[in-house]
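Structure first, commentary second.
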Amino acid sequence: MTTMFRYPVFPVLPGLDPTEIPEGLSRVRSIMAEPDYMDGDIDEIIKPKKLINPVKTSTNHQDLHRELLMNQKRGLAAQNKPELQKVMERRKREQVLKSQKEEQEAHKKRSDLEIELMKRRETLEQLELEQQKMEEEQENTPEFVKMKGNLRRTKQEVDSQERAT
């Protein structure tokens, strides 16, 4: 009877007497079993071969690879941007141009009333900005400057009231 393993697969029980163990079995348990075809049947076994990559064997791929290597040696490396990024940039450019054209067309089609309303809106926005700047300046000025201005105003009001009476 031939076994598949050189070493026993099952461990020897601790309570077993060493004289009861058959001659062919060892006391040490093997961690990995070795295959039985290692003994001498190597000629009959088909050895695996490395698979051929059809992409690398194609002449187009080889030519492209050769050209890329030559360009890299010369310093004429291809653009660093991937194709997807190029497409996205082109689409973005086209969208910007399209929106600019739409704005120009809309600007040409405005009536006199719309133009006048736009002018008034711009002037109101400018006035609001000026008021905000004034308020910010007043908030940023020190306390004593504010008090001095208040005193001047009250003094002028008192003087004007005395003149009126």
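Bear in mind that the values in this text are calculations on the coordinates, not laboratory data. The structure displayed is predicted, hence computed values, not measured ones. When we count neighbours, we look across all protein chains shown, and the Cβ atoms used for this are built from the backbone with ideal geometry, even at glycine.
Structural remarks
- The number of residues in region 46-64 being of a type outside the set (S, T, Y) and either part of a helix (DSSP H, G or I) or surrounded by 10 or more Cβ atoms within 10 Å (Cβ to Cβ) (or both) comes to 8.
- In the set K81, K155, K133, only one residue is without any contact (Cβ under 8 Å) to a residue 12 or more places away in the chain, surrounded by 10 or more Cβ atoms within 10 Å (Cβ to Cβ) and within 40 Å of the chain's Cα centre (by Cα); that residue is K81.
- E67 vs. criteria of a type in the set (D, E, K, R) and surrounded by 10 or more Cβ atoms within 10 Å (Cβ to Cβ): yes
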